[in-house]
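One structure below.
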Amino acid sequence: MSQIVTIQSQIRDPVAVEQACQRLRLLPPAVGTHQLFSASATGLAVPLPGWNYPVVCETSTGRLRYDHFEGRWGDPAQLDRFLQAYAAEKIRIEARRQGHTVTEQPLEGGSIKLTVQVGGGL
């Protein structure tokens, strides 16, 4: 049976953040307080390609802090790629934790389809 699921991500898992960075071949996230244009944010800083300032993941709240100046300091598509990678990695972590397997299929436009096989597909 097939189900379509929509997920609204909250970035709370530092391991999934690190794995998303590896998946996208980004530098590892840096822990600490990071300067945005006119403010600072504390959490895991993810440097996105072409962005002037990092995206800071506040894993205690699930929120993201960033300043891309309405796309002038960073392409929002890069943030979308990171959020998709984070969601995919978080799903993999949780599925494996419960003994399930995950397969991934790339779709047109850069989307992906994840299929979770309950019980590990044995």
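If you wrap a convex hull around the C-alpha atoms of the chain and split its volume per residue, what is the figure in Å³? Could the numbers behind the result be given before it?
Values: hull volume 14.4 nm³, N = 122.
Considering the Cα atoms of the chain, their hull volume per residue is 118 Å³.
Here the peptides 47-57, 106-116 are ranked by packing, the mean other Cβ count within 10 Å, and the order with the highest first is 47-57, 106-116. Each label point was placed 7 Å from the Cα along the Cα-to-Cβ direction; for Ile93 and Val31 their separation is 1.4 nm.
Quick check: at a probe of 1.4 Å, how many percent of the accessible area of the stretch 1-118 sits on carbon and sulfur atoms? So the carbon and sulfur contribution to the accessible surface is 50 percent. Here each label is just a point 7 Å from Cα along the line to Cβ, and for Arg72 and Gln10 those points are 3.4 nm apart. So how tilted is helix 76-97 from the main axis of the chain? Cα-based, degrees 0 to 90, rounded to 10. Value to nearest ten degrees: 40.
The values are calculated or read from the model by the stated rules, or taken from the named source; none is laboratory data. Source: prediction; values computed, not measured. Neighbour counts are summed over all protein chains in view; Cβ atoms, including those assigned to glycine, are modelled from backbone coordinates with ideal geometry. To get the accessible areas, we keep the full protein, side chains included, count just its heavy atoms, and leave off ligands, DNA and RNA. Shrake-Rupley method; radii C 1.70, N 1.55, O 1.52, S 1.80 Å.
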